[in-house]
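Reviewing the structure listed below.
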Amino acid sequence: MAGTLGIVEVDTSLVGPASLSLVSRRLGGKPLLEWIVRRVTDSLFLDRVVVVVDATMEDTVRALTPQDISIFVSRQPDMLGRFAAAAREFDAHQLVRVGLDNPFVDPALIDRLVCTANTHPGCDYIGYYSHDGQPAVQTKLGVFAEWARADAIFQAEALATIDVDRQHVTRYLYSHPELFQLRLIPVPPQLDRQDVRLSIGGEEDWENAQRILDARGPENLGWQEIAGLLDSQPRIRQHMASLDEVSED
């Protein structure tokens, strides 16, 4: 049994070279998948970490995942179904979701989610939110995970019918506050700004990630250290803001 299960999501809605690049491209000398898995396993309050993928990329993911990490291969057609299946397989009561496009996901912020869940046992979903009310997972901030109660995921699996709710695991939860009990944690103000973009979406995001890694080193990549670096690098922030403007057009 895994009471609190961390799930690294390999989203196979990206196909071909884009999907392969996101999984296998190297950061800090490691494939991105391994890099993110290791950051997630630094969390103190996850009982187990698994990688969830469908059969189309099973061989690639197995080759890149550390041997001490389980891989759950699901034949469900959407991510919501795969998460629900993984929760049943590992008998998890709580799930923490991490996207593969977030190389700087912060284990301390993961631990805050789990601690918040433990002190508010009635919650169905816990996530970080920007000052404008937008879920952090819908932004390009790139350091945040989400927490959900397994039973809430099962309920969403049974109720969600439209594609966007099936492909984005937690969207049905936070979009239906009349059905689920939500708890929202404010994004730290040092990150809650339009000129911070740490998720991976294109070549220039890779370049920015490498600049941050070169400047801080692999052992100093907590969100506070990254925010402090960016605060002293207006050119990088300006570049990040311009990338967000392009992606919105």
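The values are calculated or read from the model by the stated rules, or taken from the named source; none is laboratory data. These numbers were taken from a predicted model, which means no experiment stands behind them. Note that we place each Cβ from the backbone using ideal geometry, even for glycine, and neighbour counts take in every protein chain shown. Please note that ligands, DNA and RNA were not included when accessible areas were found on the heavy atoms of the full protein model with its side chains. Shrake-Rupley method; radii C 1.70, N 1.55, O 1.52, S 1.80 Å.
One table, with the values for the structure above:
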read-out	value
Unit charges at the beta carbon, dipole of the chain: most positive-side option, ALA108, LEU179, PHE83	ALA108
Computed lengthening from VAL164 to ASP132, 0.36 nm per intervening residue step minus Cα-Cα distance	9.3 nm
Span from the the stretch 73-102 Cα centroid across to the the stretch 202-238 one, whole angstrom	30
DSSP bridge pairs, the stretch 48-179: antiparallel proportion in percent, nearest 5	60
Debye log10 I(q)/I(0) at q = 0.26 Å⁻¹ for the stretch 69-148, Cα point scatterers	-1.34
Lys, Arg +1 and Asp, Glu -1 on Cβ, resulting dipole of the chain about Cα centre, debye, nearest 20	420
Residue-level accessible surface for CYS123, protein heavy atoms, 1.4 Å, Å²	0
Efficiency of FRET from Cβ geometry, GLU178 and GLN67, R₀ 45 Å, rounded to 0.05	0.55
The stretch 203-217 - phi-based ³J(HN,Hα) in whole Hz, Karplus 6.51/-1.76/1.60, Gly and Pro as x	4, 5, 5, 4, 5, 5, 4, 5, 4, 5, 4, 4, 6, 9, x
Sites GLU203 and GLN233, calculated FRET efficiency, Cβ-Cβ separation with R0 22 Å, nearest 0.05	0.70
Cα Rg, Dmax (largest Cα-Cα span) when computed across the chain, Å	17.1, 48
Segment LYS30-ARG88, length gained on full extension (0.36 nm per residue, minus Cα span)	17.8 nm
Spin-label pair ASP59/ASP195, simplified geometry with 7 Å Cα→Cβ offset, distance in nm	4.7
The chain: antiparallel DSSP beta bridges as a percent of all, rounded to 5	30
